[in-house]
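In what follows, a single structure is set out as structure tokens and then discussed.
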Amino acid sequence: MSYDTKINNIQNSIILIHYSEIGLKKGNRKYFEQKLSQNILTAVSDLLTGNLKIDYGRFILYLREKSPVEEIVARLKKVMGIAYFSLAYDGDIDVEVLKEEVFDKLKNVEFNTFCIQTRRSDKSFPFTSIQVNQIVGARIHTGLNKPVKIKNPDLKCNIEIFNNQVFYFFERFEGRRGLPVGSSGRVVSLLSSGIDSPVASYQMMKRGCRIIYVHFHSFPMTDKASYHNAIKLAKNLTTYQYSAKMYLVPLIKVQESIILNSPTKLRLILYRRMMLRIAETIAKRERAKALVTGESVGQVASQTLENIVAISEVVSMPILRPLIGMDKDEIIDKARKIDTFKISTEPYDDCCSYLVPENPETKAKIFEVQAAEDKLENWQELINQAINEVEIVKIKFPENEESIG
């Protein structure tokens, strides 16, 4: 149980929200603040809350008597762009009254040591931060007979003074940091049912990108487990960006042409080249600026440097690879933290596993790949057909509605 719950079972009236990286923006800080404000309000739109305002580089979310505080906290922890936030109390501007308010909150709470930490942005306030620490701390020390401990106290009381306002709190919750989703534009992520691509999508959300998903499947030659798992992953990731569009692309006819007409060792590379072409076509339709993949150098056969070059040359759009220097353990650790690992490890056959050779090419030569591709019959028509046969899934959060068209 948190100290805030112990201190007062009555609902708090304020959530004080801080950002970090947005503070480094100068002329366009307001743009990022507006995006973050929109995302905060969307995240809690189905919960009982009051108004949201920004003041001195902080957001103040007002709560109501019956606001579901625990659920609001859980939602805010997933909002990209938030550095940390706290359940806070609206304190009196008179420090003599303030010290009594803090004392009243703590007099029935069990703790051994404490400290007061004041942050005074309002320099017109008549006391310095140190003086506020001393005045409030003295009241708790003498009234409750508790010693002060600056490092690692049992309880820390934080006081913030800005714009002729005082707020105080006893606990802070860490946010995701980064930039607000939507502030950096749209990208298309090639989402498999595996571990890597959901993590790559998450990493780009954290950089402010809004993700549109493209998932390739080989149904009916493989079962639909990959298809359904990918939708589950997209739903999970939508809790970070609140709405998403997902393209489910049947790749089987393209694959069959490659299997019948191309060298076995080049199948995987040719699959991937076609997938990038399709993804780029969808990205242009969606006015997205880049593609995103979960590739990591050397992790699998298609991800050697030679093969990455041979696969990537078919598109002109930038390909963002946020995991490119991470090892598998690091990626798995991140997948666990964002709650995608369990879904990603459910059994499935993805499209790239369909009739893949035992010994695929690991050092592809572009001229050989191009020559093999030239022998494919009507591959552009097959790509167009695959795009025309896509299913589109639209997902929303908090409603978490799923519509398929």
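The values are calculated or read from the model by the stated rules, or taken from the named source; none is laboratory data. As the structure is a prediction and not an experimental result, all values here were calculated from the model. Virtual Cβ from ideal backbone geometry, glycine too; neighbours counted across all protein chains shown. In case anyone asks, the SASA skips ligands and DNA or RNA and just uses the protein heavy atoms, side chains included. Shrake-Rupley method; radii C 1.70, N 1.55, O 1.52, S 1.80 Å.
Against the empirical 2.2 N^0.38 Å (N residues), region 256-320 has a Cα radius of gyration ratio of 1.16.
Look at the Cα gyration tensor of region 214-350: its axes a ≥ b ≥ c give a/c under 1.5, and that counts as rounded.
Here Gln131 and Lys337 are evaluated by their C-beta separation; at R0 = 30 Å the FRET efficiency comes out at 0.15.
Given axes a ≥ b ≥ c from the Cα gyration tensor, I'd like to know whether region 55-152 is rounded (a/c under 1.5), prolate (a/b larger than b/c) or oblate. Here region 55-152 falls in the prolate category. Heavy-atom accessible area for Asp46, with the other protein chains in place and a 1.4 Å probe, reaches approximately 90 Å². The distance between label points at Glu368 and Glu110 comes to 7.1 nm (points 7 Å beyond Cα on the Cα→Cβ vector).
Filter Lys224/Lys289; Lys265/Lys375; Lys224/Lys284; Lys105/Lys156; Lys35/Lys396; Lys25/Lys328 down to the pairs with a C-alpha to C-alpha distance above 23 Å, please. As for pairs spanning more than 23 Å Cα to Cα, those are Lys224/Lys289; Lys224/Lys284; Lys25/Lys328.
For Ser243, the accessible surface of its heavy atoms amounts to roughly 50 Å² (probe 1.4 Å, protein chains only, rounded to the nearest 10).
Placing unit charges on each Cβ (+1 for Lys and Arg, -1 for Asp and Glu) gives the chain a dipole about its Cα centre, and among Ser201, Gly143, Asn307 the Cα reaching farthest toward its positive end belongs to Gly143.
Modelled label positions at Ile93 and Thr142, each set 7 Å beyond Cα in the direction of Cβ, lie 2.7 nm from each other.
The length gained on full extension between Glu286 and Asn359, counted as 0.36 nm times the residue separation minus their Cα-Cα distance, comes to 22.6 nm. Using the Cα gyration tensor of the chain, with a ≥ b ≥ c the square roots of its eigenvalues, what is the shape: rounded (a/c below 1.5), prolate (a/b larger than b/c) or oblate (neither)? Because a/c hits 1.5 or more and a/b exceeds b/c, the chain counts as prolate. On the beta carbon distance between Asn384 and Glu330, with R0 = 25 Å, the FRET formula returns roughly 0.05. The distance from the alpha carbon centre of region 130-175 to that of region 246-277 is 62 Å, rounded to a whole number. The accessible area of Arg336, taken with all protein chains in place and a 1.4 Å probe, comes to roughly 140 Å². Taking the Cα centre of region 248-359 as reference, the dipole from Cβ charges on Lys and Arg (+1) and Asp and Glu (-1) amounts to some 480 debye. Since only Leu76, Ala288, Leu179 are under comparison, the one whose Cα sits farthest along the positive direction of the charge dipole of the chain, derived from C-beta charges on Lys, Arg, Asp and Glu, is Leu179.
Per residue, the accessible area of the chain comes to 46 Å² when a 1.4 Å probe rolls over the protein heavy atoms.
At a Förster radius of 41 Å, what calculated FRET efficiency corresponds to the Cβ-Cβ distance of Asn51 and Glu346, to the nearest 0.05? According to the calculation, E is roughly 0.45. Taken along the Cα-to-beta-carbon direction at a fixed 7 Å, the label points for Glu256 and Asn164 span 7.5 nm.
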